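Notes follow the structure.
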Number of protein chains: 4
Amino acid sequence: MNLNFVSLPQTTINVVYSSVDLPQLQSPCLICGFPGTGYVGKIAIDHLIQELNAKHLADIYSASFPPQIIIRPDGVTELMKNTIFYSKASVSSSNDVLLLTGDSQPISPESEYLLAEQILDIAAKFNTKKVFTLAASVTGVFVDKPRVFGTATDSDIVKTFSEKNILTMDSGIVVGMNGLIIGIAKLRGMQGTCLLGETSGYVVDAKASKSILERLLSVVDIKVDMNKLEKKAKDTERLIQSVQQQVAEKAVGGQQPGLLRKPDIGYIA
Amino acid sequence: MNLNFVSLPQTTINVVYSSVDLPQLQSPCLICGFPGTGYVGKIAIDHLIQELNAKHLADIYSASFPPQIIIRPDGVTELMKNTIFYSKASVSSSNDVLLLTGDSQPISPESEYLLAEQILDIAAKFNTKKVFTLAASVTGVFVDKPRVFGTATDSDIVKTFSEKNILTMDSGIVVGMNGLIIGIAKLRGMQGTCLLGETSGYVVDAKASKSILERLLSVVDIKVDMNKLEKKAKDTERLIQSVQQQVAEKAVGGQQPGLLRKPDIGYIA
Amino acid sequence: MNLNFVSLPQTTINVVYSSVDLPQLQSPCLICGFPGTGYVGKIAIDHLIQELNAKHLADIYSASFPPQIIIRPDGVTELMKNTIFYSKASVSSSNDVLLLTGDSQPISPESEYLLAEQILDIAAKFNTKKVFTLAASVTGVFVDKPRVFGTATDSDIVKTFSEKNILTMDSGIVVGMNGLIIGIAKLRGMQGTCLLGETSGYVVDAKASKSILERLLSVVDIKVDMNKLEKKAKDTERLIQSVQQQVAEKAVGGQQPGLLRKPDIGYIA
Amino acid sequence: MNLNFVSLPQTTINVVYSSVDLPQLQSPCLICGFPGTGYVGKIAIDHLIQELNAKHLADIYSASFPPQIIIRPDGVTELMKNTIFYSKASVSSSNDVLLLTGDSQPISPESEYLLAEQILDIAAKFNTKKVFTLAASVTGVFVDKPRVFGTATDSDIVKTFSEKNILTMDSGIVVGMNGLIIGIAKLRGMQGTCLLGETSGYVVDAKASKSILERLLSVVDIKVDMNKLEKKAKDTERLIQSVQQQVAEKAVGGQQPGLLRKPDIGYIA
């Protein structure tokens, strides 16, 4: 009887495909909307999944997600996960696409690198060449028309930003999965683009999601009904107006309230 | 002579069985009572182990338990561990059962996933189909009759909660081993149920343990003498009354003392 | 050209033996003096190494030691390490012994388990049956005659404590390498004893080292000249008197100074 | 379909060489300038790379670098990395050299050990015998002429310090990659030297970089044009004068401003 400690794999990722037979996809572009500040990327991707009526491809579980289960409204529970859906080219879309959404990002930096590798491994099975991540550019102020910023792994992509009404970033960093996915994609010979929707950082911001999704759709040549997202964006607008009004009321007395100041710099998540 | 650093296994779990020959068990359900808030689950499981006169199956040591040894009253010491006992079907119990208790939960999130896998590996040796975890629902207030909440991996189980006087949770999360064990069980084709006993979070709460054990026993069809646990529950009740009295005395002057306020939300551990 | 990230071993321990041919030792007992509170154990072991004129066996490097190099008085530098010496049975000692000293303990809990395994692997090469760790029992007060406490993996050992003037601990924990080494030794069929010298926790305490070494020597049947350690113990005594005087002077006005209070409980490291 | 969690490599380092055919180098010395306090080492190494017109050898990516991408002025982005350049012996240099620069040091201690191993693995491919790291000795005060301190893995090297105007350190530690690289080099039979430029710790300090590079060049027998670095050093000098003036103005009233005090001890990074 061996009484020594024995080793177990430590960082574990568990990919569960919906079926053993993978769908036939033609170099689909991969579009990722992780949960993050303002849920800017996730709301956009969830809208796209819904409107494209995308199919479930695989669930990704990871020991680096928060150690907890989520309870659904019907009382049934499950582990936190990321999920990849797919949609084939159609009237709406000139390309096959993979769409990633999820409950969480990993809780350790090294695991973020590894999850990014795992996601790209899945995309590589389908010969994906182009990867997009949808992030937030956090500014600390509310704005009427959220701008969309961009960075990419290739100067050819960056050159197309201006015609798509995307502002090219020329410094700074993008932290977390939205950055790593495209940084590692570049190492693997794929092209990566990160779009960042301007958001205050104070609210779940469907308005920024709408801005970023509009730019993305023009880049990837997909058309979807935007009504439901526009409705959510209006809800966000009302929420922001309500917050601004409360702040303004507290600020009677002349001092410019903090939330409405123009920031010098923002940070990007 | 190789002077390079060489690798050692990092996360290590060491399972030591009492004997080489494993007992013959018929798809025992696995019931887990980890140490946690109020020791709600652990007190319940320890009572069950005692009353069923359960046999020792295996000790589980892990490099992710706190790096320390525990000294027993006789001066003898040992590593922290989890232990699994078993009990065969009998007059008291219509099923074979595996019962898990322990000194500690792992101290890192990734290790929690791995310990959960390891525990389920052991249960899988006996063809376990059903897994139960006993947790605490921390409310911050003392109550006369602790309620018992539940969530499960299958809607069929959730549907049985009301007839067992278990309140179905419809949102939120369960963190730690109590959540992960059933979340991972689901991925492995087992059914998982988590019961949560309402507790203040301020005291070791045998009263909540008694509530949760009563519900569990009706679900798994086991009968045990509850006298010793009822005695402990009475001790808890006296402790709570003493605490409440002290708080009330300090609160003379009209302000409602914090401990007795009705909370809007609780958290679950 | 493979552009994927490739794996490297993560937790690495590097054992460098002085020579390829290991010495012939007869089930030497292993005595460990890690750096810790008051350097109680390390000072004792270093005295033993010096007085037994012990020979160098192996250096143990670990990626879990603090990431730094130590500069010696001659300007030469090296990595942090643990070192094992050995001494054969002689007039002074009825047994062969392995003696462990070091610059550091690991900086992560899991690495403590793994270093303990590695140290016991080395001892197992020589068929070691008995393991001793020298720790501190931190009390927060200065005492004239530091007591020595003990715990062990076997009740047979605990029963011998009283005749050796060692106080048996009957509760609590021992954290860190001093605990893990004997806890894991037990799992591997060795016997482990941890002795803990009472110390204030405020000074490097050679007086506690002397107390603990005296008890250890009577247990393992080794005789060494204690002069140099007694001299260091006197230095500690003078340091303590100086600290106490300063505290007393500040305390004029009636309040009992904190350092001299009798604590209800101590903690053990 | 296997539903168990499967393991992935955890700590991953990815070395991407510029070409499959490695250059022919004759036991090049390896000189490392990691980013750190005041960028003392990095500025020195970047100057050397530029003036020697060094060629790109390899990029080193690591999952232990901060999980982020860096955006360049042209909008193109990439992962954080370390890079090794090489330069062959010439009129300027009597030896082949490897030059390491980078965006970041690893964010966990264990990963620092592993990156150091990886860098030395690359150097070992070229039969490197001598390794140099350029660090900062942080003093908290501004000085006119930054001194350069040194420590090494062999007393033969230490003995040469005085003739090179390098002050021998006789105690203390060097933390991080600058220490580990030479500490591990020693274990692998290479000779290591760490030079440390005196710096305040308050500014990016090209003046300290110039001091350290001058000493290094005399040790490794390389000659390069120092004009561009001298210009940067002058910029640093002006910055320091400006800071000192501001501090002095605030200190009118007699109290010696903190930044100009002579510190008792410094720390080394």
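Counting only residues that are at pLDDT 95 or above, in contact with a Ser or Thr (Cβ under 8 Å, 6 or more places away or on another chain) and of a type in the set (V, I, T), region D:167-203 holds 6 of them. Residues that are open to solvent by less than 10 Å² (accessible area, probe 1.4 Å), among the hydrophobic types (A, V, I, L, M, F, W, C) and closer than 29 Å to C:S137 by Cα do not occur anywhere in region B:30-46.
In the set (1) of a type in the set (S, T, N, Q); (2) at pLDDT 95 or above; (3) open to solvent by 50 Å² or more (accessible area, probe 1.4 Å); (4) touching a helix residue (DSSP H, G or I) at 6+ places or on another chain (Cβ under 8 Å), C:N227 fails one condition alone, (4). Selection of region C:152-178 for residues being at the interface with chain B (Cβ under 7 Å from one of its Cβ atoms), within 19 Å of C:K130 (Cβ to Cβ) and not in a loop (DSSP other than H, G, I, E, B) yields C:A152, C:S155, C:V158, C:T168, C:V174.
Say whether the condition of being under 15 Å from the mean Cα position of the chain (by Cα) and either within 12 Å of another protein chain (Cβ to nearest Cβ) or modelled with pLDDT under 95 (or both) is met by at least one residue in region D:51-74. No, region D:51-74 contains no residue that is under 15 Å from the mean Cα position of the chain (by Cα) and either within 12 Å of another protein chain (Cβ to nearest Cβ) or modelled with pLDDT under 95 (or both). Among the residues of region C:139-149, those identified as open to solvent by less than 20 Å² (accessible area, probe 1.4 Å) and either modelled with pLDDT of 95 or more or facing chain B (nearest Cβ under 10 Å) (or both) are C:P146, C:V148. Of all the criteria given as (1) part of a loop (DSSP other than H, G, I, E, B); (2) closer than 28 Å to A:Y17 by Cβ; (3) at the interface with chain A (Cβ under 9 Å from one of its Cβ atoms), the one not satisfied by B:G189 is (3). Within region A:61-80, the residues that satisfy the criterion of being touching a residue at least 24 places away in the same chain (Cβ under 8 Å) and open to solvent by less than 40 Å² (accessible area, probe 1.4 Å) are A:Y61, A:S62, A:A63, A:S64, A:F65, A:P66, A:M80. Among the residues of region B:8-17, is there at least one that is touching a helix residue (DSSP H, G or I) at 6+ places or on another chain (Cβ under 7 Å) and either more than 14 Å from chain A (Cβ to nearest Cβ) or at positive phi (or both)? No, there is no match, as no residue in region B:8-17 is touching a helix residue (DSSP H, G or I) at 6+ places or on another chain (Cβ under 7 Å) and either more than 14 Å from chain A (Cβ to nearest Cβ) or at positive phi (or both).
Each row is one residue, and each column tells you yes or no for (1) free of Cβ contacts under 8 Å to residues at least 12 places away in the same chain; (2) open to solvent by 10 Å² or more (accessible area, probe 1.4 Å); (3) under 28 Å from C:G172 (Cβ atoms).
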{"site": "B:N82", "(1), (2), (3)": "no, no, yes"}
{"site": "B:D103", "(1), (2), (3)": "no, yes, yes"}
{"site": "B:L114", "(1), (2), (3)": "no, no, no"}
{"site": "B:D121", "(1), (2), (3)": "yes, yes, no"}
{"site": "B:T128", "(1), (2), (3)": "no, no, no"}
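Please verify whether A:A152 is open to solvent by less than 10 Å² (accessible area, probe 1.4 Å) and under 30 Å from A:I70 (Cα atoms), treating the condition exactly as stated. Spelling it out, it is not the case that A:A152 is open to solvent by less than 10 Å² (accessible area, probe 1.4 Å) and under 30 Å from A:I70 (Cα atoms).
Among the residues of region A:116-125 satisfying the criterion of being away from chain D (no Cβ under 14 Å) and aliphatic (A, V, I, L, M), which is nearest to A:E214 (Cα to Cα)? If we take residues in region A:116-125 being away from chain D (no Cβ under 14 Å) and aliphatic (A, V, I, L, M), then A:A123 is nearest to A:E214 (Cα to Cα). In region B:84-101, the residue that is nearest to the other protein chains (Cβ to nearest Cβ) out of those that are open to solvent by less than 20 Å² (accessible area, probe 1.4 Å) and in contact with a Lys or Arg (Cβ under 8 Å, 6 or more places away or on another chain) is B:T101. Taking region C:191-210, which residues are within 12 Å of C:I45 (Cα to Cα) and open to solvent by 10 Å² or more (accessible area, probe 1.4 Å)? C:K210 - this is the single residue of region C:191-210 that is within 12 Å of C:I45 (Cα to Cα) and open to solvent by 10 Å² or more (accessible area, probe 1.4 Å).
For the residues C:L239, C:L213, the requirement of being surrounded by 14 or more Cβ atoms within 10 Å (Cβ to Cβ) and at pLDDT 95 or above singles out C:L213.
Candidates are the residues of region A:128-160 that are touching a Pro at 6+ places or on another chain (Cβ under 8 Å) and not hydroxyl-bearing (S, T, Y); the one that is farthest from A:Q241 (Cα to Cα) is A:G140.
Every condition in (1) more than 11 Å from chain A (Cβ to nearest Cβ); (2) at pLDDT below 95; (3) in contact with a Leu (Cβ under 7 Å, 6 or more places away or on another chain) holds for B:Y113 except the one numbered (1).
The values are calculated or read from the model by the stated rules, or taken from the named source; none is laboratory data. Everything quoted here is computed from the prediction, not taken from an experiment. FYI the Cβ positions are ideal-geometry reconstructions off the backbone, even for glycines, and counts take in every protein chain you see. Just the protein is used for accessible areas: all its heavy atoms, side chains included, with ligands, DNA and RNA removed. Shrake-Rupley method; radii C 1.70, N 1.55, O 1.52, S 1.80 Å.
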